[in-house]
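Just so you know, all these numbers are worked out from the coordinates, no wet-lab data involved. Please read all numbers here as calculations on a predicted model, not as lab measurements. When we count neighbours, we look across all protein chains shown, and the Cβ atoms used for this are built from the backbone with ideal geometry, even at glycine.
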């Protein structure tokens, strides 16, 4: 069975999963890494879609530089998100 | 209870807007080229600009003024970071050295990362990429140096001077075009002097695209390194 586009769908699935984790994780360091993972998989997807210049920019800026800058910001503030208000159930947040 | 109401209202609004968008986009055939200007660029890019990479030709040559605006936006962002995080005296405050893996890897990789960045922006008119990805890659090399060594700092004086000169250089190239050809960012090297016409596909072709992309690459690299430097250093009290 020829399934080249399966790779696209797997990458998109991993991207959505990392994005959800980046929003949901209370540990901000892990959330920043999740956000960088979204950019990294997006750059692989750009490469598959034959846009190598966009892929390079996405990998350098999205994955490396913005992730590093977020981590610097976390280092200066605090690592864990505080509970400010009571969290509603998952059916409302999603 | 109010918040639940608010949230459900927001979700319903989102669904309605999404439905409208999907309805509007459903009629547009995906992947078909209806654009006339794209065909014009693809047909004329070689004889008009001398670049093999059409994306770069559009970004630097046909829409050079936009690119000048982008460079200005990046400059304003860098200035804003510098102004927000300004302290009278700033110093690196990192205590722990990088691990042996990080320091050794940095020593080995940094020259190659910088070389790759320089390759990307020098060959912008031939291969994918250009000034912005190349400059970001070079900034990544400086980020590696900052992470691995606690005492490392970029050479501030040289970087600031390079940034200013390079930004001026872009405008000067455009003004020379204005003097020779009649409009700002006219490609004088390709259209008036005619350099590199028998050389398409090699390094010395493409008119002023390589020159402008080298300038942009240096500017983006120094600016992003400056942003990293500003974010990493902390103010110390006298």
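Computed quantities for the displayed model
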| item | result |
| --- | --- |
| Sum of -39500 (n - 2.57) over DSSP H runs of 4+, divided by residues of chain B (222 nm, nearest 500) | -22000 deg cm²/dmol |
| Length released on extending from residue B:202 to residue B:43, taking residue separation times 0.36 nm less the Cα-Cα span | 55.3 nm |
| Inter-probe distance in nm under a simple model that places probes 7 Å from Cα toward Cβ, at residue B:63 and residue B:112 | 3.5 |
| Peptide ranges B:140-151, B:171-182, A:24-35, B:94-105 listed from the most packed, as the mean C-beta count within 10 angstrom indicates | B:140-151, A:24-35, B:171-182, B:94-105 |
| Angle in degrees between helix A:28-48 and the longest Cα principal axis of chain A, rounded to the nearest 10 | 10 |
| Spin-label pair residue B:99/residue A:24, simplified geometry with 7 Å Cα→Cβ offset, distance in nm | 2.8 |
| The protein assembly as shown: mean projected area of Cα convex hull, nm² | 24.2 |
| Among B:112, B:159, B:30: highest mean-square fluctuation, GNM of chain B, C-alpha pairs under 10 Å | B:30 |
| Percent RCO, i.e. relative contact order, over the stretch B:123-223, from Cα pairs under 8 Å lying at least 6 residues apart | 43 |
| Principal-axis tilt of helix A:5-24 within chain A, Cα atoms, nearest 10 degrees | 10 |
| Computed label-point distance, nm, for sites residue B:158 and residue B:191 using a 7 Å Cα→Cβ extension | 3.8 |
| Over chain B, relative contact order from alpha-carbon pairs under 8 Å, at least 6 apart, % | 28 |
| Residue mean of other protein chain beta carbons inside 10 Å, B:218-228 | 1 |
